[in-house]
Amino acid sequence: MQFDWMVQCYAGDGVHRDTPLLESLERETIMHGVDTAVDVGIDGLWAPDHFMLGPHAEEYEVWTLLSALAERTDDVDIGPLVGSITYRNPALLAKMATTVDILSEGRLRLGLGAGWHEEEHAAYGFEFPDVDTRIDMLDEGIRVIKTMFTEERPTFRGDHFEIENALNNPKPVSDPYPPIVIGGAGPRMLRLIAKHADEWNVEISARARGKPIEFKVRKFEEYLENEGRDPDEVDRSWLAHVLVCEDDEEVQEYVDRIFPLPWGEESDMDEQLEDAEDAREKGSMLIGTPAEVATQIEEIRDLGFGKLQLMFLDFPETRGMELFADEVMPQFD
């Protein structure tokens with residue numbers, strides 16, 4: 001299996017589920033996390049595409065951060081998980097992605113999605129159409145991006161996007177272009193992913209909400225076959241929170257520090273994760289000793305997911321990341 005770190009570049013400060021112990025956003029803290037991840041053998045670095053998550057709205061812009069990571073690292077994958085099609089014109093996005101692919105010498109994985117954060121769109125002045133329109137935009141946007149990656153004089157005319165001789169030189173280092181990673185689990189998204197993606201990404205709530213994940217896996221394989229694609233040729237990744245500690249006593253100490261937490265965004269306090277059991281069952285969080293966390297990962301692997309992007313609940317402390325690398329990762333070599 002491949003294990004990556006979702007760079008936790010926004011401050012949760014006791015409220016946001018992704019970074020509950022990170023009180024404020026500091027360059028040194030984030031880069032120490034990056035360096036630690038690389039040093040312990042984490043395979044990839046991802047970053048979220050948002051502008052104002054967390055109670056203090058302290059967050060780095062994803063492509064600027066990825067450019068820095070491209071220069072700071074040598075041999076780990078990097079990418080946005082996932083980039084909203086609503087935030088950037090896809091031709092411009094393709095140019096940005098090409099630049100990061102070149103700077104990283106072919107290590108970019110291009111994560112894309114339909115977007116969801118309505119308040120963020122309103123604050124920044126981006127249109128937020130209905131979900132079906134956003135999925136249509138994503139479908140077109142991916143075709144624009146692939147055209148920009150591969151054609152000498154990219155031209156495209158669609159219902160949402162249009163380009164005319166939008167030159168993109170030099171081309172990406174990756175051949176034929178950076179792998180396309182698409183996040184989502186609804187029926188229309190699964191069909192789109194089966195059509196376009198090199199990798200299907202499932203976000204943290206996929207097991208807990210809607211249809212069982214086993215059902216979604218079966219439907220995804222059906223959609224791949226309908227597209228004439230071999231299911232074994234499309235990677236599958238899972239975004240998860242993890243809290244791993246040496247023993248049960250230490251697990252409980254961190255659980256007492258971290259929970260309760262809202263399951264949704266900090267503005268949505270209706271659904272709470274009260275304790276470790278809640279977090280495992282409702283939030284699909286991986287919590288326990290190294291042996292217990294490994295067992296939980298085996299369940300995900302058995303569903304066909306060969307990659308995990310992890311958010312460590314004890315960050316900015318890095319002991320959990322180090323322990324995971326020392327005692328969990330070797331069980332999946």
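Set the Förster radius R0 to 30 Å, insert the Cβ-Cβ distance between Leu92 and Thr295 as r into 1/(1 + (r/R0)^6), and round the FRET efficiency to 0.05. The formula returns an efficiency of 0.10 here.
Taking every Cα-Cα distance in the range 154-201 and sorting them into 5 Å bins from zero, the calculated P(r) comes out as 5, 17, 16, 16, 25, 16, 5, 0 percent. Expressed per residue, the C-alpha convex hull volume of the range 211-253 stands at 112 Å³.
Rg over Rh for the range 234-317 works out to 0.98, both radii taken from alpha-carbon positions and Rh defined as the Kirkwood radius. Taken per residue, the accessible surface of the chain reaches 42 Å², heavy atoms only and a 1.4 Å probe. Over the range 49-99, all Cα pairs binned in 10 Å intervals from 0 give whole-percent P(r) values of 22, 51, 26, 2, listed from short to long. For the chain, the equivalent ellipsoid derived from the Cα gyration tensor has semi-axes of 31, 21, 20 Å, listed largest first.
For the range 53-157, the Kirkwood estimate of hydrodynamic radius, built from reciprocal distances between every pair of different alpha carbons, is 14.8 Å. Amide H contacts of Met311 (H built 1.01 Å from N, in plane; Pro and chain starts excluded): Met6, Ala240, His241, Val242 sit under 5 Å, all sequence-distant by 5 or more or on other chains.
In the chain, the DSSP-assigned H stretches of four residues or longer account for a calculated mean residue ellipticity at 222 nm of -11500 deg cm²/dmol, using -39500 (n - 2.57) per stretch and the full residue count as denominator. The number of Lys pairs in the chain with C-alpha atoms less than 15 Å apart, excluding pairs fewer than 8 positions apart on the same chain, is 7. The rule of thumb for compact globular proteins, 2.2 N^0.38 Å, goes into the C-alpha radius of gyration of the range 174-333 1.12 times. When a 1.4 Å probe is rolled over the protein heavy atoms, the share of accessible surface on the range 46-196 that falls to carbon and sulfur comes to 49 percent. The reciprocal of the average 1/r between distinct C-alpha atoms defines the Kirkwood hydrodynamic radius, which for the range 98-174 equals 14.1 Å.
The values are calculated or read from the model by the stated rules, or taken from the named source; none is laboratory data. Fair warning: this is a prediction, and the values are worked out from it, not measured in the lab. We place every Cβ from the backbone using ideal geometry, glycine too, and count neighbours over all the protein chains shown. Keep in mind that these areas ignore ligands, DNA and RNA; they rest on the heavy atoms of the full protein, side chains included. Shrake-Rupley method; radii C 1.70, N 1.55, O 1.52, S 1.80 Å.
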